[in-house]
Amino acid sequence: MARVRSDLRGPKRRDADHQRRRAAGTVQALALDLQGKPRAGVSVEIKDVARIMSSSRKRMAGRFYAYDNHTEIKDLGSLCSGKSDDHGIVSCDVKLKDAGNINLIAVAKDGDGHAANASTSVWVTRADELWFGGENTNRIDVLPEKTSYEAGETARFQVRMPFRSATALVTVEREGIVETHVVELNGRDPTVELKVRDA
């Protein structure tokens, strides 16, 4: 049995050299026995796989348009491998060069060669344009980087939009509108940042 988690951070500089940027951080895999207890000495390999979404917009009857989405799975190879420590953990410092939705897959093998897989996914931005797939409603989803924030922190939201670029009106509301911002979104880094203030 295995579990995998990641703590990846992209570069903070926003210069024009997008092609040299990489998401770097730590990936950890946890090896467990059948009772859910950490197990030492387990061979673990961590692989990365890209999910590439491409879409075309087709004209339908009645002058309507619909998206036709296709997903390609691209094996990017092995990131690292090793044996779990006394706490059952294999930890790797990695750099991901491909942008988009990347699946990190941990493959753990027991003494008989039986494999157990676990995976998590991350989004790598600021290298190439991201595409989340189009829906016929042109729906936009806003996802927070984490579930809760404290006052003084900066909240980051990923905006999943079916456009290469857009102008968005962002409002902060609590018993009415507290503040408004006009932000420019682009496919290389479709994120919105807001400072969390005291209530």
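Throughout, read-outs are computed from the coordinates displayed, never taken from laboratory work. Computed from a predicted model, the values in this text were never measured in an experiment. Note that each Cβ is placed from the backbone with ideal geometry, even for glycine, and that neighbours are counted across all protein chains shown.
Assorted remarks:
- Between Arg164 and Met60, the modelled label-to-label distance comes to 2.5 nm, taking each label 7 Å out from Cα in the direction of the beta carbon.
- Cα convex hull of the range 29-170, projected area averaged across orientations, nm²: 13.2 nm²
- Descending semi-axes in whole angstrom, ellipsoid equivalent of the range 141-195, from the Cα gyration tensor: 20, 14, 9
- Dipole of the range 141-195, positive end: most advanced residue of Thr191, Thr147, His181 [Cβ charges, Cα centre]: Thr191
- Cross-link pairs beyond the 31 Å C-alpha cut-off, checked among Lys58/Lys195; Lys97/Lys146; Lys37/Lys74; Lys74/Lys146; Lys74/Lys109; Lys47/Lys146: Lys58/Lys195; Lys37/Lys74
- The charge dipole of the range 17-91, taken about its Cα centre with unit charges on the Cβ atoms of Lys, Arg (+1), Asp and Glu (-1) only, comes to about 600 debye.
- Phi-derived couplings, Karplus 6.51 cos²θ - 1.76 cosθ + 1.60 at θ = phi - 60°, listed residue by residue for the range 34-41: 5, 8, x, 9, x, 10, 8, x Hz, with x used for Gly and Pro.
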